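Here the structure comes first, spelled out in structure tokens, and everything after it is commentary.
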Amino acid sequence: MTDIEQLRKTLLRDTRGGYDRMDRAEIPAMETYCREYIRFISEAKTEREAVKWTVAAAEAAGYRPFTPGMALNPGDKVYHNNRGKSVFFAHIGKKPLGEGVRICAAHIDSPRLDLKPNPLYEDGEMALLKTHYYGGIKKYQWTTVPLALHGVVIRADGSRAEVCIGENPEDPVLYVTDLLIHLAADQMKKPLSEGVTAEQLNLLVGSRPVAGEGADRVKLGVLRILHEQLGITEEDFRSAELCVVPAGPARYVGFDRSMILGYGHDDRVCAYACFVPMLEQDTPEFTSVCLLADKEEIGSVGVSGMKSQAFETFMEDLCQAQGENVRRCFERAFCLSADVTNAFDPDYADTCDKRNSAVLGGGVGVCKYTGARGKSGASDASAEAMGFLRGVLARGEVLWQSATLGKVDQGGGGTVAGYMANRNIVTVDAGVPVLSMHAPLEVVSTLDAYMMKKAAAAVYRDSAPLD
Ligand code: MN
Ligand code: MN
């Protein structure tokens, strides 16, 4: 090796792409994992469905609901289903809980349209449902795409109707119209943020009136079908959570099938990655805790969001089972806040600092900080925390890259990291780079999705002390 080659090798960081840095013998394992992931995001499109899916898989792998007072021994697998909307899994380690735990936290809610409390009306011989968007969306993207309705209706007597319409190929789908280009002269002059307004995001759900006289016969026809199929009336919409999401399964993108197109990679690509190792691993040194949270997209508020005391209650109960103090446990814990990041898009290159942006297929994007402007609202991980995670990822043979969310002053965002760090838990953000984040259909790389699973597995498995 010449001097300059030696210098490059010694001093420069490795900037090769993920495929050139990975052991290609891992590709079959990567492909198997991604096939299973595609099944997961096709079947679990809301937080409720993700809780149901993961709880069923966990129970099949030996997890049991935790009840306060239960004895906890190394190797025990327990979970707490928080009202069907968020879920905590714990795999008890060999060390006592007071020595800390290893947490991977991700969210299972994604941007979508929710139905309003009084959604159904008739206009122009059509029946429509009014929606209220959930999370940050570009409204125009939700027009003219096939949509499905997922959720639950609670009737006045407390009984419930589970709803999933639009996923079976035989099912009808729902649809938000857009103005024909021929008459769009005024609309096309508006800024993108105003071209389609929130109150125009109304779902087309019927056009056949019931026979007879009088007004609202199309609406009545729709209600008759809903009553026959779900046993609900118009009033029941008031105690319902009905979510409108893109219809149909996730699928591969690209001639080489190296990417996945799907609804809600943010953040189920990380949630699945955090969950799967909990099923596969042997008894860890430190207790592994996997958190799948709701409401991240609207600020982590409410009983099922990551700001909720539900997490403290669960951890306190676990610690009590071993006679340990939860505050000591948090103080010595490490949390990987697993949430997606932006992948560099050459079509919008000027929104990113190319030297600090994650690229598709470059491995897990590790964000030292998120936030906006002068790191406002950021959970800025310390050098020590970053150093600890580097060691974990190196020992786990995880490909990773640095990630920042766009150019400084271009915008910004946040994750659950700050809420974990506020609990006195050392926390670092890391996640899968995504193209078209928050669009109805997003794209991730199979390599990055797989590396995220390896990252979570490494965090759980690694036995190095944090201090
Ligand atoms: Mn997210
Ligand atoms: Mn998001």
request  = Might you check whether a residue that is in a loop (DSSP other than H, G, I, E, B), within 14 Å of ligand 1 (Cβ to nearest atom) and under 30 Å from ASP347 (Cα atoms) occurs anywhere in the range 406-414?
outcome  = yes
note = In the range 222-236, anything loosely packed, with under 15 Cβ neighbours inside 10 Å and touching a Lys or Arg at 6+ places or on another chain (Cβ under 8 Å) is listed as GLY231
query = Which of the residues that make up the range 145-158 are outside any strand (DSSP E or B), touching a strand residue (DSSP E or B) at 6+ places or on another chain (Cβ under 8 Å) and not basic (Lys, Arg)?
reply = VAL145, PRO146
note = Selection over the range 142-156 where residues are crowded, with 18+ Cβ neighbours inside 10 Å and either of a type in the set (S, T, N, Q) or touching a helix residue (DSSP H, G or I) at 6+ places or on another chain (Cβ under 9 Å) (or both) yields a count of 3
request  = Please find, among ALA57, ALA29, ALA71, ALA25, the residue that is exposed (fewer than 12 other Cβ atoms within 10 Å of the Cβ) and either in contact (Cβ under 8 Å) with a residue 12 or more places away in the chain or part of a loop (DSSP other than H, G, I, E, B) (or both).
outcome  = ALA71
ask   = Within the set of pairs 6 or more residues apart or between chains, which connect a residue that is within 23 Å of GLY221 (Cβ to Cβ) inside the range 110-133 to a residue that is part of a loop (DSSP other than H, G, I, E, B) and of a type in the set (D, E, K, R) with Cβ atoms less than 7 Å apart?
value = GLU122/ASP216
ask   = If a residue has to be more than 23 Å from SER42 (Cβ to Cβ) and either of a type in the set (Val, Ile, Thr) or in contact (Cβ under 8 Å) with a residue 60 or more places away in the chain (or both) to count, how many in the range 422-456 make the cut?
value = 9
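Listed here are the residues, each with its yes/no results for (1) closer than 24 Å to MET70 by Cα; (2) within 16 Å of ligand 1 (Cβ to nearest atom); (3) charged (D, E, K, R); (4) crowded, with 20+ Cβ neighbours inside 10 Å.
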position	(1), (2), (3), (4)
ALA273	no, yes, no, yes
ASP294	no, yes, yes, yes
GLU316	yes, no, yes, no
ARG327	yes, no, yes, no
ASP339	no, yes, yes, yes
LYS368	no, no, yes, yes
GLY377	no, yes, no, no
ALA383	no, no, no, no
task = Could you tell me which residue of the range 253-271 is farthest from ligand 1 (Cβ to nearest atom), considering only residues that are outside any helix (DSSP H, G or I) and charged (D, E, K, R)?
result = ASP256
note = Just one listed residue, out of VAL459, VAL392, VAL428, is among the aliphatic types (A, V, I, L, M) and within 16 Å of ligand 1 (Cβ to nearest atom), and it is VAL428
message = Residues that are of a type outside the set (D, E, K, R), surrounded by 17 or more Cβ atoms within 10 Å (Cβ to Cβ), touching a residue at least 60 places away in the same chain (Cβ under 8 Å) and in a helix (DSSP H, G or I): does the range 397-404 have at least one?
response = no
request  = Tell me, please, whether a residue that is within 20 Å of ALA310 (Cβ to Cβ), more than 16 Å from ligand 1 (Cβ to nearest atom) and not charged (D, E, K, R) can be found in the range 101-114.
outcome  = yes
ask   = Can ILE92 be described as within 16 Å of ligand 1 (Cβ to nearest atom) and either in contact (Cβ under 8 Å) with a residue 12 or more places away in the chain or farther than 26 Å from ALA458 by Cα (or both)?
value = no
ask   = Does ASP345 count as away from ligand 1 (no atom under 16 Å from the Cβ), more than 24 Å from ARG21 (Cβ to Cβ) and acidic (Asp, Glu)?
value = no
request  = Only strands (runs of 3 or more DSSP E) wholly contained in the range 79-144 count here; list those with 3 or more residues that are touching a strand residue (DSSP E or B) at 6+ places or on another chain (Cβ under 8 Å) and more than 30 Å from ASP317 (Cα to Cα).
outcome  = 112-123, 126-134
note = Of (1) buried (at least 22 other Cβ atoms within 10 Å of the Cβ); (2) among the hydrophobic types (A, V, I, L, M, F, W, C); (3) under 22 Å from ARG327 (Cβ atoms), VAL87 satisfies every one except (3)
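Condition check ((1) in a strand (DSSP E or B); (2) under 18 Å from the mean Cα position of the chain (by Cα); (3) in contact (Cβ under 8 Å) with a residue 40 or more places away in the chain) across all residues:
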residue: VAL289; (1), (2), (3): yes, yes, yes
residue: SER308; (1), (2), (3): no, yes, yes
residue: GLY374; (1), (2), (3): no, no, no
residue: MET386; (1), (2), (3): no, no, yes
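Every number in this text was worked out from the coordinates using simple rules, so none of it is lab data. None of these values were measured; they are calculated from a predicted model. Because the Cβ atoms are built from the backbone with ideal geometry, glycine has one as well, and the counts that use them run over all protein chains shown.
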